[in-house]
Amino acid sequence: MVIRTILSIIKPNKIDDRIINHLKNGPLLTLDLVKAIQQDRPNTTKQAVYAALRSLKAQEIVLTNKGTSSLNITWVNQMVDYLNFTKNKYVANDNQGSFLDLEDKEKIKYYFNTAHKGDVFWTHAYYLLLEGLAENEPVFLYNPHEWFLLARTENEKSIIKSTTDKNHAFLLTAGNDTFLDKQVQKYFDGDKSQYNILHVPLFKENNYYLNIFGDFLIEVWLDQKIADKIEEFYQTTNQWDENAEIKIKDIINSSGRMKMVISRNRTKAEKLKKTLRKDFAISVNKIS
């Protein structure tokens, strides 16, 4: 589905591809969208356009509301992430390698020049490791601050949903309990997705992030200057509004070296899972 859509958008022919192509410039009144499609394809009926819209809505690619049609930003983010990930895999880089083929105690390092670019690759590494995770095995995460739900909300919500839809508990520990750390509690259902806030960080480094998938670990170190800016932002912000959203996005989009290590280490993973799982309410059959 995704591959076909990417290729067909470049040279649209089918009605649904033309709809996506027109909506790339922003939301349109549905009536204006129908007219635009009919200008492209003079013999296209209004009924045919609405049928294509219903199909795109069912696939969660397009949203319609009060006579206006727009692309679903979640789908747009997924498309952007997919293409960036694919580019990463094909660009020659000494650091690239297939982390899925790692043996126990092996690891691969990656480097990025912004936290945002690193998060794009991180997202796809997450999805690939999720696919190979044993049935009912939870995913454990540790973030000093869960800024992903503030700065990349739809992408992070999609990750949580994808995890729980595959019957894996999403168990996230935040290392701090500021106003903004508590602000994202609403995105967790307390069952399949759980959020634990610590009063004292688990790790001394305020730039260290961790994901655990069975024996696999994703460990990330943000650029220290960026991590310090995030820390200052969290410690001084007591209101979540448009200005705060702009500020956190500016911070993570700023230049700074981000290091990621993907490893396979059963001993280390089990030790960390033991530390993290004690603060979550999860049944025995959901734990490896």
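Just so it is clear, none of the values below were taken in a lab; they were calculated from the coordinates. On a predicted model such as this, the values are computed, not experimentally measured, just so you know. No Cβ is skipped: glycine too gets one built from the backbone with ideal geometry, and neighbour counts run over all protein chains shown.
Taken one residue at a time, the phi angles of the stretch 168-173 give Karplus couplings (6.51, -1.76, 1.60, θ = phi - 60°) of 10, 5, 9, 10, 10, 10 Hz. Gly and Pro are set to x. Relative to the Cα centre, the charge distribution of the chain, modelled as +1 at Lys and Arg Cβ and -1 at Asp and Glu Cβ, gives a dipole magnitude of about 680 debye.
As I understand it, the dipole of the stretch 92-286 uses +1 on the Cβ of Lys and Arg and -1 on the Cβ of Asp and Glu, about the Cα centre. Which of ILE251, ILE262, GLN224 lies farthest toward its positive end? Selected residue: ILE262. Rounded to the nearest 5, what is the percent of antiparallel bridges among the DSSP beta bridges in the stretch 157-219? Of all bridge pairs located within the stretch 157-219, approximately 45 percent are antiparallel. Close Lys pairs in the stretch 2-71 (alpha-carbon distance under 17 Å; sequence gap of 8 or more, or different chains): 10.
Give me the angle, in degrees from 0 to 90, between the Cα long axis of helix 115-131 and the longest principal axis of the Cα atoms of the chain, rounded to the nearest 10. For 115-131 against the chain, the angle is about 90 degrees.
The angle between the Cα long axis of helix 242-253 and the longest principal axis of the Cα atoms of the chain comes to about 70 degrees, rounded to the nearest 10. Of HIS124, ILE160, ALA36, whose Cα points farthest to the positive end of the dipole of the chain (charges on the beta-carbon: +1 Lys, Arg; -1 Asp, Glu; origin at the Cα centre)? The listed residue farthest towards the positive side: ALA36. A viscosity of 1.002 mPa s and a temperature of 20 °C, combined with the Kirkwood radius over Cα pairs in Stokes-Einstein, give a translational diffusion coefficient for the stretch 92-286 of 126 µm²/s. Counting 0.36 nm for each residue step from LYS249 to LEU31 and taking away their Cα separation leaves a gain of 75.0 nm.
Relative to the dominant Cα principal axis of the chain, helix 46-58 is inclined by about 10°.
How big is the antiparallel share of DSSP beta bridges in the chain, given as a percent to the nearest 5? Mind showing how you got there, number by number?
Details: 30 of 40 bridges.
So the antiparallel bridges in the chain amount to around 75 percent.
Scalar couplings 3J(HN,Hα) for the stretch 29-40, obtained by applying the Karplus form with A = 6.51, B = -1.76, C = 1.60 to θ = phi - 60°, are 4, 4, 5, 5, 5, 4, 4, 5, 5, 5, 5, 5 Hz; x denotes Gly and Pro. Secondary-structure-derived ellipticity at 222 nm for the chain, considering helices only, amounts to -14500 deg cm²/dmol, per-run term -39500 (n - 2.57) for DSSP H runs with n ≥ 4. Charge dipole (Cα centre; +1 on Lys/Arg Cβ, -1 on Asp/Glu Cβ; no other charges) of the stretch 2-71 amounts to roughly 80 debye. In percent, rounded to a whole number, the relative contact order of the stretch 181-288 is 32, using alpha-carbon pairs under 8 Å and six or more apart.
Karplus-based coupling profile of the stretch 69-84, in residue order and whole Hz: 10, 8, 6, 6, 4, 4, 5, 4, 4, 5, 5, 4, 4, 4, 5, 5, with θ = phi - 60° in 6.51 cos²θ - 1.76 cosθ + 1.60 and x standing for Gly or Pro. Comparing mean-square fluctuations of THR178, THR44, THR153 from a GNM of the chain with C-alpha springs under 10 Å, the top value falls on THR44.
Once Rg and the Kirkwood radius are both taken over the C-alpha atoms of the stretch 2-71, their ratio Rg/Rh works out to 0.92.
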